[in-house]
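All of the numbers you see were taken from the coordinates with simple rules; none came from a lab. Predicted model only: the values in this text are computed from it and were never measured. Counting neighbours? That spans all protein chains shown, and the Cβs are built from the backbone with ideal geometry, glycine included.
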Amino acid sequence: MKFTVLTLFPEMFAPLEASILKRAQQDGKIEIEIVDLRAYTEDKHQKCDDYPFGGGAGMVMMAQPIVSAIEGVDPGHGARRIYLSPKGRTLSQERAIALSEEEHLVLLCGHYEGVDQRAIDLAIDEEISIGDYVLTGGELPAMVLIDCVSRYAEGVLAPASLVDESFSDGLLEYPQYTRPVVFRGLSVPEVLRSGNHAEIDKWRREQAAALTARLRPDLLKHGKEGPSEPNGNET
Ligand code: 4GY
């Protein structure tokens, strides 16, 4: 699957060259193309932003470079074209899985006071938010979406990782432990060292259910409203 990112700040995408996404790109499981919007401006001074009509603080990203870039990277309009913005529907695991079925996603990153509405009206299929807070730009949200969606792209993760995840199906993950058996007086739960896989599965299911009931009871209800209480990790 392919991601094309349209941004005024291509250098912000260096983190995609590490870890699992680096490997996934090397293996040809995903392709990430970072496109500098400035390459598409028709302005003689390479300008991509301008003052807002009606006044107000800050600058607005011009429609022309954005619409030209989208037409340039996806001439046949086969891609799903997404604008990362707090106005969009909040990204969920379910939505990420559905997006992983797409062949090509084009991700537009806004900056400053946002983009000219006509670019959205003419060339964007969907707005997606990563959460109810405002960032300085859409670059981090684009990386969040790429990371989350890539996990479900064919061949990126070992299938067992996704199976383990669906095991706790909509619940929070059970606690994990590795060596040593005792660390600073805290022991690994005995059941995990028993070798009894039925008992281990049972313990993990119980832990996942209890943790979810305590920290995210909203996940147990049908309508998922979001967190209701802090997570209990405070000292
Ligand atoms: N939250 N989810 C988000 C964001 C920054 C000004 C428009 C978010 O997706 N994007 O906060 N984006 C703004 C900055 C231009 C995007």
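Between ARG118 and ASN196, take the C-beta separation as r, use R0 = 41 Å, and let me know the FRET efficiency to the nearest 0.05. Could the numbers behind the result be given before it?
Numbers: r = 63 Å, r/R0 = 1.54.
That pair, ARG118 with ASN196, gives E of 0.05.
Using each residue's phi in segment 16-28, evaluate 6.51 cos²θ - 1.76 cosθ + 1.60 at θ = phi - 60° and report the 3J(HN,Hα) Karplus result to the nearest Hz, with x for Gly and Pro.
6, 8, 9, 6, 5, 6, 4, 4, 4, 6, 4, 7, x
What residues have an amide H closer than 5 Å to that of LEU84, excluding those fewer than 5 places away on the same chain, when H is modeled at 1.01 Å from N in the peptide plane?
Amide H neighbours of LEU84: LEU108, GLY110, ILE128.
Once the piece of chain linking LYS47 and GLU101 is laid out straight, how much longer is it, given 0.36 nm per residue of separation minus the C-alpha distance between them?
That pair, LYS47 and GLU101, stretches by 15.9 nm at full extension.
With each pseudo-label sitting 7 Å past Cα toward Cβ, what's the LEU219-VAL144 distance in nm, one decimal?
Going by the 7 Å Cα→Cβ label model, 1.7 nm.
Please list, in chain and number order, the residues 5+ apart from THR4 or on another chain whose amide H is under 5 Å from its amide H, with Hs placed from the backbone.
GLU33, LEU105, VAL106, LEU107
To the nearest 10 degrees, how steep is helix 139-150 against the longest Cα principal axis of the chain, on a 0 to 90 scale?
Roughly 50 degrees, rounded to the nearest 10.
Where Lys and Arg each count +1 and Asp and Glu each count -1, what net charge lies around GLY78 among other residues with Cβ under 12 Å from its Cβ?
Values: positive: LYS2, ARG80, ARG81; negative: ASP74, GLU102, GLU103, ASP125.
Net local charge, GLY78 excluded: -1.
May I ask you to derive the FRET efficiency for ALA57 and VAL181 from their Cβ-Cβ distance with R0 = 41 Å, giving the value to the nearest 0.05?
Working: r = 58 Å, r/R0 = 1.42.
Using R0 = 41 Å, I get an efficiency of 0.10.
Suppose each label sits 7 Å from its Cα in the direction of the beta carbon; what would the GLU94-GLU206 distance come out to in nanometres?
Spacing of the two 7 Å Cα→Cβ label points: 3.1 nm.
So what is the calculated 222 nm ellipticity per residue for the chain, using -39500 (n - 2.57) for each DSSP H run with n of 4 or more, over all residues, to the nearest 500 deg cm²/dmol? The partial results should precede the final answer.
Values: 7 runs with 73 residues, N = 235.
Value at 222 nm, helices only: -9000 deg cm²/dmol.
Expressed in nm to one decimal, what extension gain is obtained for the pair TYR133 and SER19 from 0.36 nm per residue of sequence separation less their Cα-Cα distance? Don't jump to the answer; show the numbers that get you there.
Details: separation 114, 0.36 × 114 = 41.04 nm, distance 2.71 nm.
Result: 38.3 nm gained on full extension.
Could you tell me the distance between the Cα centroids of segment 24-102 and segment 116-171, to the nearest Å?
If we compute the Cα centre of each part, the gap is 14 Å.
How long are the three semi-axes of the equivalent ellipsoid for segment 6-83, computed from the Cα gyration tensor as the root of 5 times each eigenvalue, in whole Å, largest first? The partial results should precede the final answer.
Numbers: eigenvalues 167, 50, 25 Å².
One finds semi-axes of 29, 16, 11 Å for segment 6-83.
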